[in-house]
Every structure is written in structure tokens, then in C-alpha cells.
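The values are calculated or read from the model by the stated rules, or taken from the named source; none is laboratory data. Since the model is a prediction, treat every value here as computed from it, not as a measurement. FYI the Cβ positions are ideal-geometry reconstructions off the backbone, even for glycines, and counts take in every protein chain you see. Heavy atoms of the whole protein, side chains included, go into the accessibility calculation; ligands, DNA and RNA do not. Shrake-Rupley method; radii C 1.70, N 1.55, O 1.52, S 1.80 Å.
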Amino acid sequence: MRIQSESEVLDPKVRKQIIEEIMAGENQERKNEAFKRYECYKDLTKNWVVQELLKTFSETTVSQMGYAIANVSLVKKVINKLARVYSNGVTREIVGNKEATDSLKELSKTLELNDKFKKTNRYLRLQNNVQMYLKPVPLSNGRYTVKPEILQPYLYDVVEDYYDRTKMLCLVISDYEKNLVNYTTSDVSSAGVRRQTTSYIHQGGDGKDQVIADSPIDSSLSGDENKQFIWWTNSFHFTTDSKGVIISSSDEQENPIKEIPSVDFNLDQDNQYWSIGGSDLIDAGILINSMLTQVNNIGVVQGYGQMWMKGKKLPTNVVVGPNKIIRMEYEEGEPVPDLGFAQADPKLQELMEAIQMYTALTLTTNNLSTSGVSTQLSGSATFPSGIAMLIDKAESQEDVKDQQELFVNKEQQVWDIIKKWMDVYASRNLLDESLLASPIPDAAEISVSFPQTNIIQTEKEKLEVIEKRKDLGLNTMIELMMLDNPGLTKEQAAEKLVEITKEKIEKMAAAIVSTGNQPNEEIEVEVEDEGDQEPGDQVENNLPN
């Protein structure tokens, strides 16, 4: 069944069928994959490393490896380096209206929009699909504000537009329940114990914290029968139970702003709403941590010598240690008992280099350069620092302009929805004063611009450029100082230049004294300052012998 008109969601039978598809296995697999990506980004890769190890080893073996489970946040580091749209800030203005521009800046601070957009950028690179949900929220004073909330794909479903499947006709928001068969890795004693992990665990009650703060995936209700679904179309808004029956407290089903209050951000759609791909980084993060876990385990297990004994009448209970004696008896004609330790020779260095190489390939295939680390992965660095350096020094070679264009267009949509909510609650005299103090003009066209992104350079490349510009006389010394350190103001660069020049003079004076040169020798020093000293001034050396 394909829905052609949003009015069809008013039919209880249609809603019931949509919810059945939402709860079906195929859609749950999509949500499980999205939640898997979220966990890997949130430093919980170890939850999936255990499952990866179970593909090769028995539950008993994985349980014994619990102490060695690696949890390196490769996914988080890479995503944060790729999502750079708001890394240098953003400038918003309403052209020709300074007062309105000032209001826009205040609203951005009040709603914390810069942080929300930065998070949206990161989750978009992680998931390929994400929503910025702009919902009205009641405050303790009885008034309303607008809260931007980032929805990842496991928290919402979409009914596609009949004529354009890349767009949504209806948005359905619901809680996600982690109903995967998982293996806990919280401690060694529980590692490898198979259990059903959901957003609630039955422990006499429903296993939920309903009053105090709890996990973000937890709902205030338990079980599918109590699950709620929030529905939005351009014309309608209501909440239903798991059977599609409307349970909203208000009889009104109209959408007051006549627009779905959520802006969708999507990457690489192929004639359908949900984007395909983007699993390579997640798979690599899990695999690299699985390999690290095995290296940790091999290093410990095979690092100890394995004791062996041969002969007759060997002791059954042996305690080994420098202060222990092992007594072995034998009679004449019997083989002489023997004891020793077998030493393993694990190729840990080769395994480390393989992991380092795989990490480098993961970075480069995600448009991250590792040239700042080394041109060859020789493995000369110690293992932990080698991996850490690869991830830390990798820099994005991706053109951020494509991402910026997407966010420039989406920002206008976000502000339009905020404006509509403000108008609705202002007309009811229910808008919070923090928003009333920063009005947005009607039909305001918001201009969004981003500071120029710095070119990715190694330290050597940067110094070569500075030296070349100095030789060609393209910049003053102060400008060159600011090229080396863009964070300096002109005044700070001038002060630093004077300080460096003073230090040079002192070193040259010391050299003159040590070599016995005559005083009053003129030393040419290049100085640039806005004070009395001019570039190229002659500085007399009147130091005594």
C-alpha cells in the first residue's frame, strides 16, 4: 500500500498498518543498525566487539577474554574530523536590518543553535539521515519555548511522499527499544553471559527509572502495548498507541504551523528516503578493536610460560613460585621426571603493524590524510602511540563547501519553523519572554556564511610557504607571524616580533663578546613595530669588552 495523501493517516486502519510495518523485522533491523552506529560513536564499541569475537571463538573463550576487550573510539574521532561545517563558527544576518540581525544572534544563543547544528553535522556524517526536530516545550511559568532536538534514525520513521520518495509525507516519532540478543561486557564475571537486553529489564518492576534521569533510549512506559507514536504531517498532529488509536489529550488534530516541525538532513539518497551505505567506518572500528582485543589477550596469555612435566608419579597439585619447591619421586628403572616451561613466540609486532596499516587505510578511505604522521608505516613507534598518532594527526582532505551548501539551505528552513512557533504562541500570549525579546521579522531572508576553512598543511609545508612569501617580499614580518599563528591579533604579532628580535640581539651580543669583536660594531636587525623603531633601523652595540 502506498499513501498518496496525508489525510489518509486519519484512517485508524491505515495507522494500524503503518505501525505494524514500523514494528516489523525489516524496519527494526534498520533501527538496530542506526543504534549500533550511535553506540560506536558514543565510546561503546566494546558492546559490538564481543559479538564480533563470538563469530570466531566460543562463549567460554570470549568470557575469559573479557579483561582484554578494547574500546578505542576510532569512529568518534573520524566523524568529528569530517564534520567541520561549524568548526570555525558561523555568521548569520538579515540583510539590511541590523536590529533583526542582533535579535537573530540572541535567539541563536538562547536556543543553543550553534551547538545543535554542530551535533547535527556530526550525526549526519555518522548516519546519513538525521532530523532536527523543533518542538514547543512548556516551561514552569506556563509559557512556551522552542527546543531543537536531534533525532537519529532509530527514533523516527517516515512515510515517503508518493511523488518524491526522497521527501517525507508523514513523520512518526517513537521510543527505541534495544531488543538485540547481546553479551554484556560490564565486568569479567558477567562477560559472555547471554541475555536479552532491552530498554527495560524485568527485576520485580519494569526495571526503569521513571522519576530520576535514565538512559536516552528508555521510555517512561514499558512494553509494546504501551508504546506511543507521535504523528506529524503538514496538516495534522496527534499521538496514538501501538494499535493506532489516537490518545492525544486534545481533540484538536490540526498542525498549528501547517508544516512538519522537523527539518530532515540526508546524504546520498537514491530515489528513496533512507540513504544506503556508510557502514565501512563502523565495521572498521569494530574490527580494529577486535584485533586489538586479540593482541591484548595473546600478549598476556602467551607471555607466560606454559609449565610442563613428564615422568611417573608426578604431583597433581603444583604451586609455582620462587619460594616453592616441587618434589618429584621415582624409583630405579623408571624414567627420570622432568619439568620445564614452554615459551610461545607470538608475532605481536607484525600484528601491531597490520592493525596500524588497517587503521591508516580506514582513515585514507574516509578522506583523512595520514601524511602528517609518516609516509611509511614502519611500526617503529610503540603500538599505542602509533595508532593514537595516526588518528590524531589525520586531517580531512575533503572539500567542506558541499556540506556548507546543504546547511545554508537547511538553516533557512529551521528558522522559518522557529518563527512559526513563535508567532503561534505569541498570538496566544504564551511565548516565553526570552523569545519575545528577540523577534524575527516576517518573511525574513537569513544570510548564512561560514569563515574560510584553513588549508590542511603539515608544519613543514606551512614553514616553506612562509619562507617563500618572505623571500618574495609579499608580506611584512607581522603578517608572516600571523600566518604562522592565525590566532594572533596584529598587536600581539607585533609584540611577539619585538620579543623575538630582542632575543636575537642578546644572542648576537653574547656571540660578539665570546669572539672578542670590537665594540661599536653596527648590527643590522630587521624590526617591525608601530612604535619609534622602524624596520631596518641600525642598532648600535655599545657593550663593554
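Observations on the structure shown:
- Oblate is the label for region 1-159, because the ratio a/c of its alpha-carbon gyration tensor axes (a ≥ b ≥ c) is 1.5 or higher and a/b is not greater than b/c.
- Applied to region 356-367, the Karplus parametrisation 6.51 cos²θ - 1.76 cosθ + 1.60 on θ = phi - 60° returns per-residue 3J(HN,Hα) values of 5, 5, 5, 5, 4, 5, 4, 5, 5, 6, 10, 6 Hz, with x for Gly and Pro.
- Length gained on full extension, Ala354 to Val319, computed as 0.36 nm times the residue gap minus the Cα-Cα distance: 8.8 nm.
- For peptides 460-473, 296-309, sequence by mean Cβ density within 10 Å, most packed first: 296-309, 460-473
- Label-point gap, in nm, between Gln343 and Tyr162 - each point 7 angstrom along Cα→Cβ: 7.8 nm
- Distant-in-sequence amide H partners of Asp161 (H built 1.01 Å from N, under 5 Å): Lys167, Met168, Leu169
- Between Thr489 and Glu329, the contour length at 0.36 nm per residue exceeds the Cα-Cα span by 49.2 nm.
- Taking 7 Å steps out from each Cα toward its Cβ at Val513 and Ile276 produces label points 7.7 nm apart.
- Unsatisfied cross-links (Cα-Cα over 32 Å) in the set Lys109/Lys470; Lys98/Lys401; Lys81/Lys135; Lys118/Lys468: Lys109/Lys470; Lys118/Lys468
- Taken as Cα centroids, region 267-311 and region 15-49 sit 21 Å apart, rounded to the nearest whole angstrom.
- To the nearest 10, the accessible area of Lys312 is 110 Å² with a 1.4 Å probe.
- Modelled this way, with points 7 Å down the Cα-to-C-beta line, the labels at Ser58 and Gln306 are 1.5 nm from one another.
- Charged neighbours of Asp102, selected by a Cβ distance under 12 Å, balance to +1 (K, R count +1; D, E count -1).
- Computed from phi, the 3J(HN,Hα) profile of region 400-410 under the Karplus parametrisation 6.51, -1.76, 1.60 (θ = phi - 60°) reads 7, 4, 4, 5, 5, 4, 4, 6, 4, 5, 6 Hz, with x in place of Gly and Pro.
- Extension gain for Asn234-Asn71 works out to 54.3 nm (0.36 nm per residue, less the C-alpha to C-alpha distance).
- The residues packed around Lys36, meaning those with a beta-carbon under 13 Å from its beta-carbon, carry a net charge of +1 if Lys and Arg are +1 and Asp and Glu are -1.
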